[in-house]
Amino acid sequence: MVFVSIFGPIMLAALLGGGTAGLLGVFIVGMRMPFIAVFSAHAALAGAVFGVLMGFPSEASAFIGALSGAVILGMLLRNRDIDPNAALGSLFSLMLGIAFLGIGLSEGPKSSMLGLLWGSLLFVTRGQLLIMAVMTVVLITFISIFRNELKALMFSRELAALIIPEWMIFILLLILSAGVITINLEIVGGLLLYSLISNPAVAAIRLARNFRTALILSSVFGAASALGGFGAAYWFDLPVGACIVLVSSLIVGISFAATRS
């Protein structure tokens with residue numbers, strides 16, 4: 001009972017956070033835009049840093065930062081002549097500069113801001129767990145409603161625009177990405193979050209034979225990465241975020257070994 005009371009919330013956060021990150025990763029990797037994870041993480045980081053500077057809660061300001069970045073990116077990519085990865089690279093540089101400018105402007109200890117770079121699963125709160133649960137339900141509902149539209153979007157944005165409201169679906173996906181990335185920011189950290197989103201999806205797409213299986217496998221791999229990383233960190237007394245990334249990388253390695261012809 002003591003173990004459950006102490007580590008139960010942490011393990012639940014790992015399941016919810018890792019599962020949603022893996023689920024989201026299928027679409028990000030499928031659209032060949034994995035850099036969205038890095039960009040959104042640093043947009044959230046920039047929002048959190050300036051939120052702390054102004055005395056606002058870091059979680060709320062991180063979401064505002066990520067949401068603002070998602071809207072800006074969506075508006076830019078409404079013009080399909082713009083290369084998505086080029087836009088992401090430029091916006092990522094902007095958000096990174098804003099984040100470190102805020103860190104440089106802060107006076108006194110910077111540990112709370114720098115902690116967002118690395119994250120910590122060990123200090124998850126009940127409020128964060130509730131937000132994670134809500135975000136999980138929202139993401140699953142969104143995927144269920146727009147399943148066919150998302151598949152078309154992953155195949156080709158140009159062709160999808162001929163048959164569906166492509167830009168609306170795309171901007172909604174970006175907004176959900178901002179939410180998922182924000183709730184994982186304090187768990188894995190802005191510098192490592194890319195791996196938790198991309199690695200489970202890469203492994204799942206490698207192993208799956210259909211879209212539904214890829215979604216399930218990626219979610220399972222994401223949760224396994226977070227849980228396994230926490231277990232390894234606890235057992236060997238290592239940083240949690242780094243262990244989560246290493247476990248997710250191990251899963252990718254196993255998937256390539258298993259499917260090697």
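All of (1) among the hydrophobic types (A, V, I, L, M, F, W, C); (2) under 27 Å from GLN128 (Cβ atoms); (3) open to solvent by 10 Å² or more (accessible area, probe 1.4 Å) hold for LEU174 with one exception: (3). Screening the range 20-38 for residues that are open to solvent by 10 Å² or more (accessible area, probe 1.4 Å) and either in contact with a Ser or Thr (Cβ under 8 Å, 6 or more places away or on another chain) or assigned to a helix (DSSP H, G or I) (or both) and picking the one that is modelled with the highest pLDDT gives LEU23. The requirement of being small (Gly, Ala, Ser), closer than 27 Å to ALA44 by Cα, open to solvent by less than 30 Å² (accessible area, probe 1.4 Å) and at pLDDT 90 or above is not satisfied by ALA233. Cβ-Cβ contacts under 9 Å between residues 6 or more apart (or on different chains), taken from a first residue in the range 43-58 that is touching a residue at least 12 places away in the same chain (Cβ under 8 Å) to a second residue that is of a type in the set (D, E, K, R) and in a helix (DSSP H, G or I), are listed as ALA48/GLU59; ALA48/GLU186; GLY51/GLU59; SER58/GLU186. Of the listed requirements (1) crowded, with 24+ Cβ neighbours inside 10 Å; (2) within 13 Å of the chain's Cα centre (by Cα), VAL245 misses just one: (1).
Sort through LEU227, LEU215, LEU196 and tell me the only one that's under 21 Å from PHE39 (Cα atoms), among the hydrophobic types (A, V, I, L, M, F, W, C) and crowded, with 18+ Cβ neighbours inside 10 Å. Spell out how you get there, then give the answer.
Working: LEU227 fails: under 21 Å from PHE39 (Cα atoms); LEU215 fails: under 21 Å from PHE39 (Cα atoms).
That would be LEU196, the only listed residue that is under 21 Å from PHE39 (Cα atoms), among the hydrophobic types (A, V, I, L, M, F, W, C) and crowded, with 18+ Cβ neighbours inside 10 Å.
Of all the listed residues (ALA60, ALA41), the sole one being assigned to a helix (DSSP H, G or I), among the small types (Gly, Ala, Ser) and touching a Leu at 6+ places or on another chain (Cβ under 9 Å) is ALA41. Listed by first and then second residue, the pairs linking a residue in the range 238-258 that is of a type in the set (Phe, Trp, Tyr) to a residue that is modelled with pLDDT of 90 or more and open to solvent by 20 Å² or more (accessible area, probe 1.4 Å), with Cβ atoms under 7 Å apart and 6 or more places separating them unless they lie on different chains, are PHE256/ARG206.
Of all the residues in the range 91-109, those that are modelled with pLDDT under 85 and of a type in the set (S, T, N, Q) number 1.
The values are calculated or read from the model by the stated rules, or taken from the named source; none is laboratory data. What you are looking at is a predicted structure, and each value in this text was computed from that prediction instead of being measured. So basically every Cβ, Gly included, is an ideal-geometry build from the backbone, and we count neighbours across all protein chains shown. With ligands, DNA and RNA removed, areas are computed over all heavy atoms of the protein, side chains included. Shrake-Rupley method; radii C 1.70, N 1.55, O 1.52, S 1.80 Å.
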